[in-house]
Structure formats: structure tokens, C-alpha cells
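Coordinate-derived values only; no laboratory data. The structure displayed is predicted, hence computed values, not measured ones. With ideal geometry, Cβ positions are generated from the backbone for all residues, glycine too; neighbour counts draw on all protein chains shown.
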Amino acid sequence: MRTHIKRITSIVDEIMTYLLLENFSKLSVSVEPKGKSTKLHFISENDSMTQKQLDEILATLNQPRQIELETYYWTLVGESGVDMSLNVVGRMIDSAHGYLENGSIVLILHREEVE
Amino acid sequence: MMEFLTMLKKPLPNRLRVTLLFYFPLICFLGVFIANDPQVLDNFVKIQLSPAILLTDYLEVGGVGATLLNVGLIALMNILLFHYLKLPYTGLMFAAFFTIFGFSFLGMTLVNLIPIYLGGLVYSRFAKIKFRSIIMLSVFAGTLGPVVSHLIFGYGFSGAWAWFLGISIGILMGFFVIPIARHLLKFHDGYNLYNIGFAAGIMGIIFVSVMKSLGYPTVRVALLYQVHDSVILTLMIMSCLYLITVGFFAEAELIKKWKLILPISGRAISDFTEPAGFGATLFNMGIVGLMSTVLVLILGGVVNGFMLAGIYTIIGFGAFGKHPKNIWPIFAGSILSSMVLGLPLSATTTLGSILFATTLVPIAGAYGPFWGIVAGFMHVFVVRQVGDFHGGLNLYNNGFAGGLVAGVLIIIIQTLKGGEK
């Protein structure tokens, strides 16, 4: 269970680092655990983010979940905020949605706890 | 055949994709018949009973036929395990499969792998996770096989006691290498692809220190096959051509998709099957395999067990981090340092360092060719010294050296690039 929570905090850390590196001016996060599933909600202010950039982020985050990769590599998440880290996050979550709204980006990540 | 290859253009059921791996044990078994060794079974037993310490080239210990039998059986065992566990087809699976395929020429046997896998199974029960979640780590952990073999056949323990020690310590090693390897990833931040080698190197140092203190020193060996064997060279080239051919027929826009791989840094995790697809990934694996084989031949090396371990590992990681663009600076740097040190470039040990230095390709991919050359250059200096630390009980000695180089070099690079700002 502790590992499960640590994995979630690592995902939050990684996404926050990524968004802050992209010059976001204000960032709010909510973590909503419900049974074995967890919803992560990120809202960030950023006028410069384009739909194309958002699509690229979502494509990375929506790569198929791979438990084998997650079990081995999850410790890399939240450490560096560089190139491949979003890739690891993508392997650790079940789905990612997002949209641009009034100069803000909204990202919603969903993760189920599995063995 | 054409129908089968054309069918590959469509998304394949996962199980059918994995069956493509059956080609590799099959060509090994074919090689057993071509080698036509009348003593093949005796030689196979000799390989199983070898202490397996670095560098034990099974082509030298048991000849071509028995070695190919060992490799084929280990490959078959793993493919069946992947099927049984219904593993998804990924770049990591290819990396793991070809790593053990290559090292079955150089230290891995059925005898020493099974206790390590059992350790992984026990860990999965203990941690209450499915075995399939950690099987890839257990496969890579075969690097600790010599610990098992050396306890049973090398230290001089007798009979059942030796077997008890070998199997039980093997299970313990297979158990603990999983959390240790995961933790040590943070040391080099994923810039050393053979991370299990780094973890196993540290575990090996502790194990060897304990054994030495108890009066059981570990003596390294160098049993290397030094014959140009046409069966072995053909096996190598056929493996690469098979991957290139299947890749060619499996992907209609092959070069376009392959170009998607080339900008990827290679840092863990870089699973090429996802952005580039199945065909381009296989094609890349074949290309980096050919590139490595040609390098060995140009430099005048003998394609022996050590070289096969190096080349097949590169082929495997051709699905999980390695491509020509991030490999060449590492090759250049390691060749340069070998020349500075006055090492003969055609020597197996020199070529081994050059091939295995590619564990550091993420540095070239992420920070450019200059730092890739520096990484390759430093790797040769380090790898020549660290093997004695773990007494050759860690087969991925270059993974151990690579972890040390990457962990330090990444900090240097990031500091110079203003990482504190």
C-alpha cells in the first residue's frame, strides 16, 4: 500500500515538475483516491500552451499501461523532470484527458491499483 | 510465407507476435545438427557443471553443438514462460530475451538460472504481486547465475551441501536483486541501460567479500573460444537478417517509422515498439546487430561466446534504447580509449568493452555525441578494473561499470550545464 501511495506522489511530482518547467504561472493539484482507483487533477495557467503541445503530452500519457515496466522503473518518476519521465508516467496510468480553457490547461489522470 | 509476412502488416494478436521468437531456439537446434558433435550430450553436461565465472565461453568449454543446445533450451524455456504468463509484447521483453540468449553463450545455464527465477517467484509471493509483473527483472537477474554455479561446482563444497548452498543462495539473490535493482536506478537516473548489472555488481562485491573472509577466494578465468566458426557467424548474421526481413514486411512505411526512433534519447524507459511500431523496431534491432557484427569483423575480432553475448544484448536493446545515432559516439569513445591504452583492438576483451559500453547510449542520446564519446572513453578505463571487485560472479560486468560511469558523468554534465539553476 505504501508503494502504491509513493507511486501516486511520484506521478504528481513528475507532472508538477513538467508543468512548472513549461513556465506555468499558477498550478493547483487535487488527488482523489476512491477505493482502488485514483483521480489526479491538475489545473495550470499558461497562455502559451498550444493544442498541438497538449496533444503531444496526452499522446505520451496515453501510451498503454505496462505493469512490468512500472514495477521496475517507477522509481525514476519524479526525480528528474527530463525527457523520458513523462513516458514512465504514461506507463503507470490507465488514462489521461486534458483540454485548454481560458488560458489554463486542465489535465485529468486516472490510475487503478493493480497487483 | 509471404501470406504470413503480409499478415504482419495488420495488428497482430500478442501471442502470435511472441511466436516470432521461436525462430531463435529453432536455428540453435538446427546448428546443433549442423555442428554434428558426437559428444554433444556429454559436452552439454560439461557446460551445466561449469563454475560459469567470467569469462567462461561455452564454445570453448563444450564446443559449438553443446553450446547451441544450451542456448536453444534456455531460449525455449523463456519463450514458454512468456507464453504461460501471457506477457505483453514490449521492447523490454525483447531486451530481456536477447540478453539471456546472448549470455547463454557465456555463463548462463539451465542449472544456474532456475534458482534465480525461483527467487523472483518467491519475491512476488512475498510482495503480493503477480510474478508476471517482475518476470523481466528475474530474466535479467540471470547475470547472477555464476554465484549458483560457483557455489555448486567452483568453491569445492561437496555433494548435497554444495547443491543446497547453490540453490538457496541463488534463490536469495534472485529475491533481493529485484528491490535492490529498482532502488539503484536512481543512482544513474536510467542512463545505464544494463541496470541489473549495476545492482548485481554491488551484490557480487558483498558476496565475494564474505566468501573471501571465510577462506573461499574466487579465482577468475579466461576461457575464450578463438576459432573463426562459420556456424556461429552464420547464426549471428541470420539473426540480424531475420529481424530486418520481418521488419521490412511488417511495416509499410518502414523508413518513415524508423526515423521516429532516431531522435529518442534511449534513456529508460524508451520502448521503441510504442512510437515506431513492431516492424520498425525489429528493423532497428537487426540494423544495430549488423552494425556491431561488422565492427567486430572490421577490427579483426573472433565471433566467439563473448562477442555473441555483446551483440545479442545490443540487438535486444535495439527495441529498448539503442539505435545507430546514439550507439556510434559510444563506439567511437571506447575505441579511442582502447587505442590510448594501447589495447589490441582485435582482442576479445577489448571488443567486449567496446560492445558493452553501449549500455551508456542514453548519455549520447540525451546530451549529444560529444558526451557520448566521453562516456564511451571513460567506460573502458573503469570496466577493466571493476571485474575483480565481484570476482567475475556478475556476468554484466559492463553494466556495473556503466552504472558507476553514468552516475558520476551525469552529475558532471548537469553541473556544467547549470543544473543547479
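What chymotrypsin sites (Phe, Trp or Tyr not before Pro) in the stretch B:329-398 are in a loop by DSSP, with at most 10 other Cβ atoms within 10 Å of the Cβ? All intermediate terms of the calculation are to be shown ahead of the outcome.
Working: sites: B:Phe331, B:Phe356, B:Tyr367, B:Phe370, B:Trp371, B:Phe377, B:Phe381, B:Phe389, B:Tyr396; in loops: B:Phe389, B:Tyr396.
The qualifying sites: there are none.
Quick one, can you get me the convex hull of the C-alpha atoms of the stretch B:230-416 expressed as volume per residue in Å³? Write out the running numbers ahead of the final one.
Numbers: hull volume 20.5 nm³, N = 187.
Cα convex hull per residue, to the nearest whole number: 109 Å³.
What average count of beta carbons from other chains do you get within 10 Å of the Cβ of residues in A:60-69?
Details: counts 2, 0, 0, 4, 5, 1, 9, 7, 14, 10.
Counting other chains' Cβ atoms within 10 Å and averaging over A:60-69 gives 5.
Please tell me which of these pairs span more than 32 angstrom C-alpha to C-alpha: A:Lys26/B:Lys257; B:Lys322/B:Lys417; A:Lys52/B:Lys257; A:Lys52/B:Lys259; B:Lys186/B:Lys212? Provide the component values of the computation, followed by the final result.
Working: A:Lys26/B:Lys257 38 Å; B:Lys322/B:Lys417 24 Å; A:Lys52/B:Lys257 20 Å; A:Lys52/B:Lys259 20 Å; B:Lys186/B:Lys212 30 Å.
As for pairs spanning more than 32 Å Cα to Cα, those are A:Lys26/B:Lys257.
Count the net charge of all other residues whose Cβ sits under 15 Å from the Cβ of A:Gln51, scoring Lys and Arg as +1 and Asp and Glu as -1. Let's see the in-between values first.
Values: positive: A:Lys52; negative: A:Glu22, A:Asp47, A:Asp55, A:Glu56, A:Glu101.
With Lys, Arg at +1 and Asp, Glu at -1, the neighbours total -4.
Using the 2.2 N^0.38 Å rule of thumb for compact globular proteins, work out how the stretch A:2-112 stacks up: its C-alpha Rg over that value, please.
Details: Rg = 13.1 Å, N = 111, 2.2 N^0.38 = 13.2 Å.
For the stretch A:2-112, the normalised Cα radius of gyration comes out at 0.99.
Find the Cα radius of gyration of the stretch B:217-298, compare it with 2.2 N^0.38 Å by division, and give the number to two decimals.
Details: Rg = 16.6 Å, N = 82, 2.2 N^0.38 = 11.7 Å.
Output field value: 1.42.
Report relative contact order for chain B in percent, whole number only (criteria: Cα-Cα under 8 Å, sequence separation at least 6). Walk me through the numbers on the way to the answer.
Values: 802 pairs, mean separation 86.9, N = 421.
RCO, chain B: 21 percent.
Largest first and in whole Å, give the semi-axes of the stretch B:2-213's equivalent ellipsoid, each being the square root of 5 times a Cα gyration tensor eigenvalue. Spell out each step's value before the answer.
On the way: eigenvalues 160, 121, 40 Å².
Whole-Å semi-axes of the equivalent ellipsoid: 28, 25, 14.
Per-residue mean of other chain beta-carbon atoms within 10 angstrom of the beta-carbon, peptide B:81-92?
2
Starting from the stretch B:230-262, pick out the chymotrypsin sites (Phe, Trp or Tyr not before Pro) whose DSSP state is loop and whose Cβ has at most 16 other Cβ atoms within 10 Å. Walk me through the numbers on the way to the answer.
Values: sites: B:Tyr242, B:Phe248, B:Phe249, B:Trp258; in loops: none.
Listed in order of number, the matching sites amount to none.
If the viscosity is 1.567 mPa s and the temperature 4 °C, what Stokes-Einstein diffusion coefficient in µm²/s follows for the stretch B:161-205 when Rh is the Kirkwood radius over Cα pairs?
Working: Rh = 11.3 Å.
After rounding, the answer is 115 µm²/s.
State, as an integer percentage, the relative contact order of the stretch B:2-213 based on alpha-carbon contacts under 8 Å between residues 6 or more apart.
Values: 260 pairs, mean separation 40.7, N = 212.
RCO, the stretch B:2-213: 19 percent.
Over all residues in A:88-96, what is the mean tally of Cβ atoms on other chains that come within 10 Å of each residue's Cβ? Walk me through the numbers before you get to the answer.
Details: counts 4, 0, 2, 4, 0, 0, 0, 0, 0.
Average neighbour count from other chains, rounded to a whole number: 1.
Ignoring solvent entirely, what values of log10 I(q)/I(0) come out of the Debye formula for the stretch A:34-81 at 0.13, 0.14, 0.23, 0.32 Å⁻¹ when each Cα is a single scatterer?
The Debye formula, applied to the Cα set alone, gives -0.49, -0.56, -1.19, -1.16.
Count the DSSP beta bridges whose two residues both fall in the protein assembly as shown, then state the antiparallel fraction as a percent rounded to the nearest 5. Could the numbers behind the result be given before it?
Working: 25 of 26 bridges.
Antiparallel bridges make up about 95 percent of those DSSP assigns within the protein assembly as shown.
Rg over Rh of the stretch B:305-345, using C-alpha atoms and the Kirkwood radius, what does it come to? Present the calculation step by step, with values, prior to reporting the outcome.
Details: Rg = 12.0 Å, Rh = 11.4 Å.
Using Cα coordinates only, the ratio equals 1.05.
On average, how much area does the Cα convex hull of the protein assembly as shown cover when viewed from any direction, in nm²? Don't skip to the end; give the middle numbers.
On the way: hull surface 100.1 nm².
Mean projected area of the Cα convex hull: 25.0 nm².
Mind checking the alpha-carbon convex hull of the stretch B:146-252 and giving the volume per residue in Å³? Display every interim value, and only then the final one.
Values: hull volume 21.0 nm³, N = 107.
Normalising the Cα hull of the stretch B:146-252 by residue number yields 196 Å³.
Report the residue, chosen from A:Gly90, A:Gly35, A:Gly103, that carries the largest GNM mean-square fluctuation when chain A is represented by alpha-carbon nodes joined by springs under 10 Å.
A:Gly35
What number does the stretch B:242-337 give for Rg over Rh if you use C-alpha atoms and the Kirkwood radius?
On the way: Rg = 13.4 Å, Rh = 13.6 Å.
Taking Rg over the Kirkwood Rh, I get 0.99.
Provide the net charge surrounding A:Asn62, with neighbours chosen by a C-beta distance below 12 Å and charges set as Lys +1, Arg +1, Asp -1, Glu -1.
Once positives and negatives cancel, what remains is -2.
Straight-line reach from B:Lys86: which lysines fall under 16 Å, measuring Cα to Cα and dropping same-chain residues less than 8 apart?
Counting by Cα, and skipping residues close in sequence, B:Lys86 has these lysines nearby: B:Lys130.
Return the loop-located trypsin sites (Lys or Arg not before Pro) in the stretch A:9-113 (DSSP other than H, G, I, E, B) with at most 11 other Cβ atoms within 10 Å of their own Cβ; answer none if there are none. Please list the in-between numbers first.
On the way: sites: A:Lys26, A:Lys34, A:Lys36, A:Lys39, A:Lys52, A:Arg65, A:Arg91, A:Arg111; in loops: A:Lys36, A:Arg65.
Loop-located and lightly packed - A:Lys36.
For chain B, just the Cα atoms, rotate onto the principal axes and tell me the three extents in Å, largest first.
Each principal axis gives a Cα extent; for chain B these are 60, 57, 50 Å.
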